[in-house]
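What follows is one structure encoded as structure tokens, with my remarks underneath.
The values are calculated or read from the model by the stated rules, or taken from the named source; none is laboratory data. It should be emphasised that the depicted structure is a prediction, and the values quoted were computed from it without experimental measurement. Here the Cβ is made from the backbone with ideal geometry for all residues, glycine too, and neighbour counts use every protein chain on show. Please note that ligands, DNA and RNA were not included when accessible areas were found on the heavy atoms of the full protein model with its side chains. Shrake-Rupley method; radii C 1.70, N 1.55, O 1.52, S 1.80 Å.
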Amino acid sequence: MSTQEKSITGVEVFFDANDIIVSKTNLKGHITYANDVFLDIAGYTEEEVLGKPHSLIRHPKMPRCVFKLLWDTIQAGDEIFAYVINRAKNGDHYWVLAHVTPSYDSASQMVGFHSNRRVANRDTLTDVIIPLYDELLATEQAGDRKSGLEASTRKLTEFLSAKNMTANQYFLSLA
Ligand SMILES: Cc1cc2nc3c(=O)[nH]c(=O)nc-3n(C[C@H](O)[C@H](O)[C@H](O)COP(=O)(O)O)c2cc1C
């Protein structure tokens with residue numbers, strides 16, 4: 001079953017402002033580590049997440065252009081900050097501000113990725129991120145898989161250029 005076909009309850013769940021949701025992946029984005037906060041909020045056991053693609057918790061309201069930006073950035077060796085809505089196993093959802101970075105071994109080879117996530121500011125979500133993501137998603141869905149992603153990526157790039165900011169500068173300016 002694809003993520004899009006999984007049920008969505010529309011119920012938002014929350015975690016504590018002092019909590020950090022942590023996961024690590026290999027270079028393909030398959031989960032190699034998840035902390036207890038991750039498992040608790042997402043409603044999975046460790047066994048259920050280890051080795052699975054991180055898209056396991058993908059929520060259908062997330063625009064694909066944000067994940068494209070995430071992957072382009074981390075594969076280039078850079079860090080990224082991004083707001084993400086995730087889907088728990090039971091279909092509930094939770095918003096996070098994620099910081100994703102590459103991990104390196106002692107020979108400076110990129111060996112995987114690491115994500116830390118905190119509670120996202122509610123006003124930022126309501127005033128900026130949700131309307132922006134809704135617009136990006138609508139743009140994406142107006143085209144086919146390829147042209148939709150190109151159009152939403154263009155829209156996100158234009159949005160950031162108009163602010164004269166990189167994605168990280170912009171997302172952090174809101175935090
Ligand atoms: C370290 C790391 C953490 C990630 N965390 C999430 C996450 O919390 N939620 C999510 O939907 N995708 C996350 N992703 C992105 C997924 O790998 C994937 O690109 C995304 O879910 C879109 O899935 P799709 O390409 O199958 O549409 C993460 C990727 C990495 C490398």
Original post:
Given a 1.4 Å probe and every protein chain left where it sits, what share in percent of the accessible area of the chain is carbon and sulfur?
Top reply: 52 percent
Subject >> Förster radius 35 Å - calculated FRET efficiency between GLU12 and ASN164, Cβ distance, rounded to 0.05 >> reply: 0.60
Original post:
Remind me, relative contact order of the chain in percent, using alpha carbon pairs under 8 angstrom and six or more residues apart?
Top reply: 24 percent
Subject >> Model label zone, ILE20; criterion: amide N under 14 Å from point 7 Å along Cα-to-beta-carbon; scope the stretch 108-131 >> reply: 114-119
Original post:
Going toward the positive end of the dipole of the chain, with +1 on Lys and Arg Cβ and -1 on Asp and Glu Cβ, which of LEU69, ILE57, PRO131 do you reach last?
Top reply: LEU69
Subject >> 1.4 Å probe accessible area per residue over the chain, in Å² >> reply: 53 Å²
**OP:** Find the centroid of the Cα atoms in the stretch 102-175 and in the stretch 19-33, then give the distance between the two in whole Å.
**Re:** 18 Å
Original post:
How would HIS93, HIS114 line up by accessible area, probe 1.4 Å, largest first?
Top reply: HIS114, HIS93
Original post:
How much accessible area does GLU158 have with a 1.4 Å probe, in Å² rounded to the nearest 10?
Top reply: 110 Å²
Original post:
How big is D for the stretch 20-114, in µm² s⁻¹ as a whole number, if Stokes-Einstein is applied with the Kirkwood radius of its Cα pairs at 25 °C and 0.890 mPa s?
Top reply: 180 µm²/s
Original post:
Let a ≥ b ≥ c be the square roots of the eigenvalues of the Cα gyration tensor of the chain; is it rounded (a/c under 1.5), or, if not, prolate (a/b larger than b/c) or oblate?
Top reply: rounded
Original post:
Counting only the heavy atoms of the protein chains, how much of LYS61 is accessible to a 1.4 Å probe, in Å² to the nearest 10?
Top reply: 110 Å²
Original post:
Within the stretch 1-103, which chymotrypsin sites (Phe, Trp or Tyr not before Pro) sit in a loop by DSSP and count at most 14 neighbouring Cβ atoms inside 10 Å?
Top reply: PHE14
